[in-house]
Amino acid sequence: MSAPRGIEIVENAFVQNDEMVRHLDALDHWEASRIGKNPGISDLRTSSTCTTPIEPGATSSLFDDLRRNVVQLFKNYSFTYNVNLTSFEPTTFNRYKIHEKFSSHADYFEGSNRVVSAVLFLNDVGEGGELLFTFFDYTIRPVAGRAVIFPSNYLFAHEALPPRSEAKYSAAFWARG
């Protein structure tokens, strides 16, 4: 089944996935994921999150490459669907250990001005861990380097299903319009 209109899947959107996962694994500032502007923790989202500033030295090129690739994906999406993009939010990295999840949600919330979202899978997951678009009953398997780009609105509500075989690493991006 092909992806519903508005959902774009790009293979090999990033190729330094193993290096990125190794770098992320070494970080000590992972924290329980939150939902939107809610400062509390909810069982609707059980993953860990970190936002990583670009660091001087060897890792800066890694993050520069990631950001450059994703911005190009957003530009392509913007051109294809005639969506005006004005700015980008900082990259958020997510780690889902076995059985961790993020229940169905839309990325747009009042005041966010988010118009397009993207998820980049940083590793392969053998079992589980799919991205499910709730209203379309459409799932996308996590494969290292695969990016999924879609509108941020409620029609594209999605959930991160729990991985069952190994942890899942992903990066989330949002463009405002």
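State the dimensionless ratio Rg/Rh of the stretch 63-108 (Rg: radius of gyration of Cα atoms; Rh: Kirkwood radius). Rounded to two decimals, Rg over Rh is 1.06.
Of interest is the spacing of the C-alpha centroids, which for the stretch 60-90 and the stretch 132-167 amounts to 19 Å.
Comparing ALA160, ALA13, ALA32 in a Gaussian network model of the chain where C-alpha atoms under 10 Å apart are linked, the largest mean-square fluctuation is found at ALA32.
Taking N as the residue count of the stretch 101-170, its C-alpha radius of gyration divided by 2.2 N^0.38 Å amounts to 1.09. Applying both filters, DSSP loop and at most 14 other Cβ atoms within 10 Å, to the trypsin sites (Lys or Arg not before Pro) of the stretch 96-177 gives LYS97, ARG164.
A short reminder: the numbers here are calculations on the coordinates, not readings from a lab. Bear in mind that the values here come from a model prediction, so they are computed numbers and not experimental data. Note that we place each Cβ from the backbone using ideal geometry, even for glycine, and neighbour counts take in every protein chain shown.
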